[in-house]
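What follows is a short report on a single structure.
The values are calculated or read from the model by the stated rules, or taken from the named source; none is laboratory data. As the structure is a prediction and not an experimental result, all values here were calculated from the model. In this analysis, Cβ positions are derived from the backbone assuming ideal geometry, glycine residues included, and neighbour counts consider all displayed protein chains.
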Amino acid sequence: MSISRAKKVLMNESQAIQKLIRKIDKNFAKIINLLARTKGRVIVTGMGKPGFIAQKVSATMSSTGTPSLYLHPAEALHGDLGRVTMDDVIIAFSNSGETEEVIRLIPIIKKIGAKLIAVTGNKRSALAANSDYVIDSAVDKEACPMGLAPTTSTTAMLALGDALAIALLEKKRIQPKDFALYHPAGALGKRLLLRVEDIMRPKKETPIVKGDTAIKDVLLKITKFKAGSASVVNDKGKLVGIFTDGDLRRHFKRGRKLLECKVKDVMTKSPYTIKGDRLAAEAFEILTSRKIDEILVVDKSGKPIGILDVQDILKAGLV
């Protein structure tokens, strides 16, 4: 019985959302244009369950490039209406369109001069009659078998709120880099904002040697810095190669003579490099595609300024 009821709930709500598609018309486009050109914020309000939907819609708008805040209607009546300006647009959620706390806001909103958009299931309600724009969120019935608990109606409101936010995002031409700006702590934000220079090991913490340096001295320097490789430079300080444990293994058959060899004779020439201002995600792509553990960071003149290890990327939470 419980499985059957759960399936009926999902069917009821999915069918309701499908029917909403027919309600997306020129009126909806006008609302998007209004929201896109507003000089203030999009203030979203609602009481009870629609209030929770309003909070989510406001959060979605804020995270997708539209300044927004949630205004609790009861708190608004006790001073929080001071947050509203004539440059703002109010979106009010109310299935009945007769919610007392929301209706009492209307005269003050009108006096302030802010535009009002109603999202309601009752186009003949007081809220709809006194709004500048109305979005019809009416559903045939709630998923609740008693028809009492707000279920399908709030799902419809949520879907319409998402439609508003995403259509607005497209209208304002928000790009991934803009989205990342509002999500700096998230994985996407890090991929789009984190630079190599932000997480690399700086020059002072990396072993840098000249080509004539003996391998034994290079190994001592690598050990001192607790690194996995050494950058090899010429007399002008420009990078010419890298010496890694892989190079050491490949030439190990030379025996003790290897320790006396000059690093330029056994190093890997023309190593993979990256500039410090490049995205850390680009460095990670090089590391994984080339199956290497470290990449050298250089400046515009080709001089080493640091090194980036795959472990540094993992610690930064990029992946």
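Figure legend. Inter-residue proximity from the range 31-51: first residues in a loop (DSSP other than H, G, I, E, B), second residues hydrophobic (A, V, I, L, M, F, W, C), beta-carbon distance below 8 Å, spacing 6+ or different chains. Indicated pairs: THR38/VAL89; GLY40/MET86; GLY40/VAL89; GLY40/ALA114; ARG41/LEU69; ARG41/VAL89; MET47/ALA74; MET47/VAL102. If you check ALA159, ALA129 for being over 17 Å from ALA54 (Cβ atoms), in the same structural domain as LYS26 (by TED's automatic domain parsing) and small (Gly, Ala, Ser), only one passes: ALA129.
Among all positions in the range 139-155, there is at least one residue which is touching a Gly at 6+ places or on another chain (Cβ under 7 Å) and either at pLDDT 95 or above or crowded, with 21+ Cβ neighbours inside 10 Å (or both).
Can you pull out the residues in the range 55-66 that are touching a helix residue (DSSP H, G or I) at 6+ places or on another chain (Cβ under 8 Å), in a helix (DSSP H, G or I) and small (Gly, Ala, Ser)? Reasoning before the result, please.
Taking the range 55-66 first, the residues touching a helix residue (DSSP H, G or I) at 6+ places or on another chain (Cβ under 8 Å) are 56-57, 60-61, 63-66.
Checking the rest, the ones that are also in a helix (DSSP H, G or I) come to 56-57, 60-61, 63.
The one that is touching a helix residue (DSSP H, G or I) at 6+ places or on another chain (Cβ under 8 Å), in a helix (DSSP H, G or I) and small (Gly, Ala, Ser): SER63.
Looking at the range 67-78, can you tell me whether even one residue there is surrounded by fewer than 22 Cβ atoms within 10 Å (Cβ to Cβ), among the charged types (D, E, K, R) and assigned to a loop (DSSP other than H, G, I, E, B)? Checked against the condition, which is being surrounded by fewer than 22 Cβ atoms within 10 Å (Cβ to Cβ), among the charged types (D, E, K, R) and assigned to a loop (DSSP other than H, G, I, E, B), the range 67-78 yields no hits at all.
Before we move on, is LYS221 part of a helix (DSSP H, G or I) and out of contact with any Lys or Arg (no Cβ under 6 Å at 6 or more places or on another chain)? First the steps, then the outcome.
On the way: part of a helix (DSSP H, G or I): yes; out of contact with any Lys or Arg (no Cβ under 6 Å at 6 or more places or on another chain): yes.
Judged against the criteria, LYS221 is a match.
Within the range 95-111, residues that are in a helix (DSSP H, G or I) reach partners that are crowded, with 22+ Cβ neighbours inside 10 Å with beta carbons closer than 6 Å, at six or more positions or on different chains, in the pairs GLU101/PRO73; VAL102/PRO73; VAL102/ALA92; VAL102/SER94; ILE109/ILE90. For the range 249-319, the strands (runs of 3 or more DSSP E) that sit wholly inside it and include 1 or more residues that are of a type in the set (S, T, N, Q) and surrounded by 12 or more Cβ atoms within 10 Å (Cβ to Cβ) are 273-275. Of all the numbered requirements in (1) on the phi > 0 side of the Ramachandran plot; (2) touching a Pro at 6+ places or on another chain (Cβ under 6 Å), GLY65 misses one, and that requirement is (2).
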